[in-house]
Amino acid sequence: MMKQSMENQVMENPSMRNQIMEYVSGNEIAAIAIKQIGYDLMGYYPITPSTQIAENLDIMRANGETDLVMVAAEGEHSAAGICYGASVAGGRVVNATSANGLLYAIEQFPVQSGTRYPMVMNVVCRTVSGPLSIKGDHSDIMYLLNAGWPILFASTVQQVYDFNIIALKLAEQVRLPVIVAYDGFFTSHQKGRCFRFAEDEVVRDYIGSKREEYPFLNLEHPITVGSYMNEPDLINNRYQLHLAMEEVDRLLPELFASYAELSGRNYGKVEGTYCEDAENLLVLLGSSYDTSIEAVEEMRQEGKKAGAATLHVLRPFPGKELFDLLRHGKNILVADRQDSYGAGGGNLSLEVRATMQRFGSQATIKSLVYGLGGKDFFKEDAKIMLGMAEDSSKPDFAYYGVTPGKKTESEEKPLFAPVTRERTHIGATKVVTEQGKNITVTGGNLNAVTAMPGRIAPGHGACPGCGIPVNLNLLLRGIEDPVVFLFQTGCAMIVTTAYPRTSFKIPYLHNLFQNGAATLSGVAEICYRKQQKGEIPPGDIIFIMVSGDGGLDIGMGSAIGTALRGHRLLIFEYDNGGYMNTGYQLSYSTPLGARSATSHVGKEQYGKTFFHKDMPKIMTATGIPYVATVAESNPMDFLKKAAKAAHYAKTTGTAYVKAISACPLNWNDKPATERKVIEAAVNCCYFPLYEVEQGVTRLSYDPEKTGKKIPVLDWLSMMGRTKHLQKEEYREVVERLQQETDARFYELKKRAEEV
């Protein structure tokens, strides 16, 4: 059963002659399909490896190729909510996500299916952490088996395109949201030949117009969506969802057939190679299937009756079709890129076993977990697995590709001598003034603090000119007490902790974007409790959460909650103005007009369309004892504020410090000039230096008084991401940013002058 080449299909099938062949990746063709379908809205949040879908759509939008409304949420949970609201309102809606982003939004998915609102979501499958890994496996998609969404699984770039089109037609016919899943990096990023329709109208005519039985925005006939239910209504609702899934099962063959008439490409719920007489069969999902075909072909030439199979539909599970495909096999090995821990196999294995038993198969079935974390899969691996299928000495369940760790004996030594004030000569002391009790920093200078031992080791993987290590080292040189770090996901975390090495000589913990502050508050409270009970030595410890790369967009709720509760810890934000660790998508701290991977510049778009978020002001509103902004261009100011923040964090409550942090790679400037770029951001008042101590605002540096205030455009012109704003056509954008910057600065000055 060889696959027919695409070129032959074109020659033999006239229906394919209105199509264009593209050499594209899965993410690129998904974006093209979304554009051709003509969706109304996409709610999204950047996460590797699905981010490219939104990036490519934003390019199309900037160039006027689509009028898709793209809403950049502050996290995946909100993105799912945006999509749900838009679908309730009658829009055609699409989303894309991966891994922990999928899990973050997971409670929204049963809401959408339970209230029966259609949409399509591309899930670019990736490892679920921890530990953190961005590579592809199937550990995320299996969490959605019980969400009530039909799930199509594409194993090729071509199927990504075709299944996106089929998915929306299916979704609207059965009134359910539908998932198109495919392998992260293998299918999402690797390019392949793919046919697409030359005209968008062909796609739109096939899908048809959207019909709403109960329009939500019909104000003359109002409806309630998602009402509260008790039994027996709730069980009836679930039964209706079950019936809808049965309808999906019935409709899919019809949809595959109608799409084959249009495109020349015919699909089934399952697909196999040499299954009709194979004795040893390998069953797997996604891109591994094509690799297994190569292995099967070679084994057939050797006279071995090998075969392979895959599923194009995970929900509803195609049990009868799968049994019919595999029924002649004597030995079946199901390979999972995921494990259902403790169940003796991954979810695919368990369901294949159950299906074959249900229909009376006598085959020997084994389960194998392979390829986790994106571990490569070669045809040699497929051959070994097919050999394992018939080898009675091999267990029914095993892991494939595990390597033993090495034990090393090392003498434990202190990483550095204790930090004392005698060594660094810097300290924060409480003093009483007319305005109240404040903290003054005595002693300390740049030469003296060099005696502070480095708590971040050299050898990290940050880009040349990156401001993160500079800002972290300045922060730590102002803090003499022992510190415990928590890093949210971001560049600072990724470049310093790549396994098996770490750059930290201090206790370090990582958690995801959205939950860092809450996690650290738990660490701090247990530490204080253990100190009170005498279980660990008493003494001051500064608990520091480091966030950046957009981490206080998705993590803002957690940070605000921590601040309102008043936990004794320090939140340090390095503001590099974008989601840099995923390739620079816009964040809420990106400047107005800046170019990014999700705010392109084109005839219909000038970059980011809304102002940057004033996070220090937001944190001030929580009433915490200390808020400050710092910049490496003013190092002594930075050190003193770090000392103050540490004092409040260990004695009073939550402190917050924000540093502007250079990113030469994505700011598109020169690493050697970053100190000047940072200084210009301060001097144009885009990033003013000030502190709010016990509710009292003080301006640390006023460029107007020193005669150094410059226009915002002077700063923007120093970076490639905003250099386009020098053009006359963007004058209005620059004027808006200048007015907003001045308004914020003069409001700040007014607050400071009221002291």
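Assorted remarks:
- Filtered by the rule that a residue be touching a helix residue (DSSP H, G or I) at 6+ places or on another chain (Cβ under 8 Å) and either of a type in the set (Phe, Trp, Tyr) or not assigned by TED's automatic domain parsing to the domain that holds Leu472 (or both), the range 600-644 gives Tyr606, Phe611, Tyr626, Phe638.
- Within the range 115-130, being basic (Lys, Arg) and surrounded by fewer than 24 Cβ atoms within 10 Å (Cβ to Cβ) holds for one residue alone: Arg116.
- Tally of residues being in a helix (DSSP H, G or I) and either outside the structural domain of Pro616 (by TED's automatic domain parsing) or more than 16 Å from Lys613 (Cβ to Cβ) (or both) across the range 546-568: 4
- Residue list for the range 676-685, filter: in contact (Cβ under 8 Å) with a residue 60 or more places away in the chain and either touching a Lys or Arg at 6+ places or on another chain (Cβ under 9 Å) or outside the structural domain of Ser589 (by TED's automatic domain parsing) (or both): Cys685
- Screening Glu55, Glu76, Glu107 for residues that are in contact with a Leu (Cβ under 9 Å, 6 or more places away or on another chain) and acidic (Asp, Glu) leaves exactly one candidate, Glu76.
- Residue match in the range 101-114 (condition: more than 18 Å from Gly557 (Cα to Cα), among the small types (Gly, Ala, Ser) and within 22 Å of the chain's Cα centre (by Cα)): no
- Top-ranked residue of the range 716-742 - restricted to ones that are aliphatic (A, V, I, L, M) and in a loop (DSSP other than H, G, I, E, B), ranked as surrounded by the fewest Cβ atoms within 10 Å (Cβ to Cβ): Met718
- Number of the exception - Glu261 against (1) surrounded by 13 or more Cβ atoms within 10 Å (Cβ to Cβ); (2) assigned to a helix (DSSP H, G or I); (3) in contact (Cβ under 8 Å) with a residue 24 or more places away in the chain: (1)
- Selected residue (only one of Pro703, Pro711 is in contact with a Lys or Arg (Cβ under 7 Å, 6 or more places away or on another chain) and over 18 Å from Asp575 (Cα atoms)): Pro703
- The range 197-233: number of residues that are farther than 16 Å from Pro118 by Cβ, touching a residue at least 40 places away in the same chain (Cβ under 8 Å), assigned to a loop (DSSP other than H, G, I, E, B) and aromatic (Phe, Trp, Tyr): 0
- For the range 704-711, the criterion of being surrounded by 15 or more Cβ atoms within 10 Å (Cβ to Cβ) and either of a type in the set (Gly, Ala, Ser) or outside the structural domain of Lys670 (by TED's automatic domain parsing) (or both) is satisfied by no residue at all.
- The condition (being out of contact with any helix residue (DSSP H, G or I) (no Cβ under 9 Å at 6 or more places or on another chain), at pLDDT 95 or above and outside the structural domain of Pro253 (by TED's automatic domain parsing)) is satisfied by just one residue among Ala363, Ala335, Ala389: Ala389.
- Subset of the range 194-227 [exposed (fewer than 14 other Cβ atoms within 10 Å of the Cβ), closer than 28 Å to Gln158 by Cα and not hydroxyl-bearing (Ser, Thr, Tyr)]: Ala198, Glu199, Glu201, Asp205, Gly208, Lys210
- Of all residues making up the range 588-617, the number that are in a loop (DSSP other than H, G, I, E, B), polar (S, T, N, Q) and touching a residue at least 40 places away in the same chain (Cβ under 8 Å): 1
- Filter result for the condition that a residue is farther than 24 Å from Ser558 by Cβ and at pLDDT below 95, over Lys169, Lys135: Lys135
- Against the test of being assigned by TED's automatic domain parsing to the domain that holds Lys210 and surrounded by fewer than 24 Cβ atoms within 10 Å (Cβ to Cβ), the options Glu76, Glu65 yield a single qualifying residue, Glu65.
- Wholly enclosed helices (runs of 4 or more DSSP H) of the range 300-403 bearing at least 1 residues in contact (Cβ under 8 Å) with a residue 60 or more places away in the chain: 347-358, 379-390
- Among residues of the range 676-696 being in a strand (DSSP E or B) and among the charged types (D, E, K, R), the one that is surrounded by the most Cβ atoms within 10 Å (Cβ to Cβ) is Glu691.
- Options Lys658, Lys670, Lys708: the member that is among the basic types (Lys, Arg) and over 33 Å from the mean Cα position of the chain (by Cα): Lys708
- Taking the listed residues Pro49, Pro14, the one that is more than 30 Å from Leu219 (Cβ to Cβ) and either at pLDDT below 95 or among the aliphatic types (A, V, I, L, M) (or both) is Pro14, with no other qualifying.
- Options Thr706, Thr673: the member that is within 22 Å of Asn471 (Cα to Cα), of a type in the set (Val, Ile, Thr) and either without any contact (Cβ under 8 Å) to a residue 40 or more places away in the chain or in a helix (DSSP H, G or I) (or both): Thr673
- Verdict on Leu241 being buried (at least 20 other Cβ atoms within 10 Å of the Cβ), closer than 30 Å to Gly85 by Cβ, touching a residue at least 40 places away in the same chain (Cβ under 8 Å) and assigned by TED's automatic domain parsing to the domain that holds Gly90: no
- Answer residue from the range 502-531, given it is assigned to a helix (DSSP H, G or I) and among the hydroxyl-bearing types (Ser, Thr, Tyr) and is surrounded by the most Cβ atoms within 10 Å (Cβ to Cβ) among those: Ser521
- Each residue in the range 629-656 was checked for being hydrophobic (A, V, I, L, M, F, W, C) and more than 21 Å from Ala680 (Cβ to Cβ), and 7 of them qualify.
- Yes/no for Gly286 being of a type in the set (Gly, Ala, Ser), crowded, with 23+ Cβ neighbours inside 10 Å and assigned to a loop (DSSP other than H, G, I, E, B): yes
The values are calculated or read from the model by the stated rules, or taken from the named source; none is laboratory data. This structure is a prediction, so every number in the text was calculated from the model and none was measured. In this analysis, Cβ positions are derived from the backbone assuming ideal geometry, glycine residues included, and neighbour counts consider all displayed protein chains.
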